[in-house]
Amino acid sequence: ADTKEECQSLNINCVFYGGFFAYVLERGEFFRQTQTGTKRERILSGGRFVMRTNTAEKTFSLEVQNLNVKDTATYYCKAWYEYDPQ
């Protein structure tokens, strides 16, 4: 849990643990759920929402800039990966 003030920024960092070396992070996605029991909303990069992916380090992140009350939610991350048996 993280609490921020309005107009601040929030950073959420996710790490992909693929188990074996052959699983390669392709990209990450973020979702938010404003109330328990409601559908999760996919967050698209753009405007106040900045997503970054570092495939080499198997990490991806979401930055929400200029927070406001409407950003209050539970945030989730999802990793997309591929199998590369090299």
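The values are calculated or read from the model by the stated rules, or taken from the named source; none is laboratory data. Everything numeric here is computed off the predicted structure, so don't read it as measured data. Cβ placement follows ideal geometry from the backbone for every residue including glycine, while neighbour counts extend to all protein chains displayed. Surface areas here come from the heavy atoms of the whole protein model, side chains and all, with no ligands, DNA or RNA. Shrake-Rupley method; radii C 1.70, N 1.55, O 1.52, S 1.80 Å.
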- From the options Glu6, Glu41, residue that is at pLDDT below 95, of a type in the set (Asp, Glu) and surrounded by fewer than 16 Cβ atoms within 10 Å (Cβ to Cβ): Glu6
- Note on the structure: Within the range 4-49, of all residues that are among the small types (Gly, Ala, Ser) and touching a residue at least 24 places away in the same chain (Cβ under 8 Å), the one farthest from Lys78 (Cα to Cα) is Ser9
- Report, by residue number, each residue of the range 29-86 that is touching a Lys or Arg at 6+ places or on another chain (Cβ under 6 Å), among the aromatic types (Phe, Trp, Tyr) and under 15 Å from Ala1 (Cα atoms). Tyr75
- Looking at (1) modelled with pLDDT of 90 or more; (2) open to solvent by 50 Å² or more (accessible area, probe 1.4 Å); (3) in contact with a strand residue (DSSP E or B) (Cβ under 6 Å, 6 or more places away or on another chain), which is the only condition Phe49 fails? (2)
